[in-house]
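Just so it is clear, none of the values below were taken in a lab; they were calculated from the coordinates. Keep in mind the model is a prediction, meaning the values are calculated, not measured. We place every Cβ from the backbone using ideal geometry, glycine too, and count neighbours over all the protein chains shown.
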Amino acid sequence: MKQKSFRFIAADILYISMMILPFLAAIVLKVLTTPLSNGVEITGARIFFTVPMPIQDLIITEAQINSLCVMIALSGLCLFLTHGLKTRDVSIRQHLAEWIVEKVDKLVKESMGDYFSGFVPFIISIFGLSAFSSFMSLLGLFPPTSDINIVGGWALLVFFLITYYKMKCGPLSYLKGFAQPVAFLAPINFISEFATPISMAFRHYGNVLSGSVIAVLIATALQGLSNLLLGWLPGFLGEFPFLQIGIPAILSAYFDVFSGGLQAFIFAMLTMMYVSDGFAIDEYFARKTAKQNINK
Amino acid sequence: MLELAIGILLGGCALGAGCAMIAGIGPGIGEGNAVAAACEAIGRQPECKGSVTSTMLMGCAIAETTGLYALVIAILLIFVAPNLLVNILLKAVGA
């Protein structure tokens with residue numbers, strides 16, 4: 001086995017620190033900016049500062065900062081996994097990277113067809129972003145996915161993609177699609193077109209938000225219960241919330257890990273379904289060959 | 001008089017949030033049906049357990065949507081609406 005060069009190890013350390021440091025920075029930022037309070041509160045994302053803008057002030061919140069942290073960490077993970085690719089005696093991380101790429105490739109080809117094989121990077125990045133954003137609450141941070149603005153942005157992106165692929169057969173056939181199957185259903189089709197991104201955003205946001213609200217409620221209830229049970233003890237022992245140790249973690253395993261991962265998977269699956277459903281592939285290729293025949 | 005108005009407003013918000021969550025019944029029944037059908041399918045063909053489970057989870061998550069709409073409305077009514085409505089009321093009264 002050849003000794004790894006100094007540059008290789010240095011790059012590895014850089015990538016690993018790119019994975020870990022953003023989360024540490026987010027934790028430090030949260031600890032520094034959260035005011036001391038006694039009660040457990042359910043609040044939205046903390047506002048760090050406001051940038052004055054002509055029409056509406058731009059508000060920089062915890063959600064935006066945290067989602068940037070996730071993006072940096074994911075880039076670090078990608079660089080780390082694909083660092084030093086070889087054709088023989090491959091490392092474990094290359095196996096892992098290949099496994100991920102093969103799985104997503106297969107999934108996208110199965111659910112979207114061969115034409116959309118270019119969608120693989122987009123799908124895996126939206127999946128990873130969503131999953132890691134939801135997992136952020138495991139560290140006690142504000143998960144960016146429980147802010148409607150972040151998820152709404154992704155849903156808007158998916159909406160533009162759907163519209164782009166519907167427009168690919170020409171704007172006329174896009175407009176004609178609203179009058180299917182009968183012309184007077186056009187208003188309802190129009191509403192359902194705009195309901196798609198809204199429902200995608202609300203589904204993801206609602207799931208993560210409900211998890212965090214329930215976690216806070218349970219934590220408060222356990223605090224009250226332990227006060228009730230051991231409140232008669234003097235001093236420190238009476239105030240110690242012993243029931244809050246461990247029990248919320250079981251709930252967190254469901255609400256953060258399972259629900260967050262499932263919602264990420266569903267967001268990616270729905271993106272694939274909507275985009276591939278919106279694109280009339282037969283009509284597109286028929287038009288393409290017709291155009292080529294005219295040009296000849 | 002203003003206290004009474006604010007009290008009615010807050011009570012209305014809380015009641016509305018509670019009523020909105022009645023929508024939780026629908027997804028509950030729907031997901032129960034989905035899981036029952038998935039169990040039947042796995043019992044009939046145990047070899048396709050994996051694909052049935054993943055399809056069921058996906059369907060459940062989509063069936064949940066209406067319940068989540070209700071949840072979002074309830075959360076808005078509890079955390080956002082009272083402030084907003086009380087401010088509107090105070091502005092209208094001129095206090």
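In summary, helices (runs of 4 or more DSSP H) completely within the range A:1-116 and bearing 2 or more residues that are under 26 Å from residue A:136 (Cα atoms) and within 14 Å of chain B (Cβ to nearest Cβ) occur at A:92-112. Of all residues in the range A:215-237, those satisfying the criterion of being in contact with a helix residue (DSSP H, G or I) (Cβ under 7 Å, 6 or more places away or on another chain) and surrounded by 13 or more Cβ atoms within 10 Å (Cβ to Cβ) are A:215, A:218, A:219, A:222, A:223, A:225, A:226, A:230.
A residue that is under 19 Å from residue B:68 (Cβ atoms) and part of a helix (DSSP H, G or I) can be found somewhere in the range A:159-170.
For the range A:205-214: of the residues being touching a helix residue (DSSP H, G or I) at 6+ places or on another chain (Cβ under 6 Å) and more than 9 Å from chain B (Cβ to nearest Cβ), which is farthest from residue B:68 (Cα to Cα)? Talk me through it step by step, then tell me what you get.
Step one: of the range A:205-214, the residues touching a helix residue (DSSP H, G or I) at 6+ places or on another chain (Cβ under 6 Å) are A:205-212.
If we keep only those that are more than 9 Å from chain B (Cβ to nearest Cβ) too, we end up with A:208, A:211-212.
Numbers: A:208: 10, A:211: 12, A:212: 14 Å.
Once the filter is applied, the top-ranked residue is A:212.
Those helices (runs of 4 or more DSSP H) of the range B:3-81 in which at least 3 residues are surrounded by fewer than 16 Cβ atoms within 10 Å (Cβ to Cβ), more than 10 Å from chain A (Cβ to nearest Cβ) and without any contact (Cβ under 8 Å) to a residue 60 or more places away in the chain, considering only elements entirely within it, cover B:25-44, B:49-63.
Are any residues in the range A:179-204 surrounded by fewer than 18 Cβ atoms within 10 Å (Cβ to Cβ) and either of a type in the set (D, E, K, R) or under 15 Å from residue B:71 (Cβ atoms) (or both), and if so, which ones? Before the answer, list the steps.
Kept after step one, since they are surrounded by fewer than 18 Cβ atoms within 10 Å (Cβ to Cβ), are these residues of the range A:179-204: A:179-196, A:198.
If the condition is that a residue be surrounded by fewer than 18 Cβ atoms within 10 Å (Cβ to Cβ) and either of a type in the set (D, E, K, R) or under 15 Å from residue B:71 (Cβ atoms) (or both), then A:193, A:198 are the ones that fit.
Counting only residues that are farther than 20 Å from residue A:19 by Cβ, in a helix (DSSP H, G or I) and in contact with a helix residue (DSSP H, G or I) (Cβ under 8 Å, 6 or more places away or on another chain), the range A:127-153 holds 6 of them.
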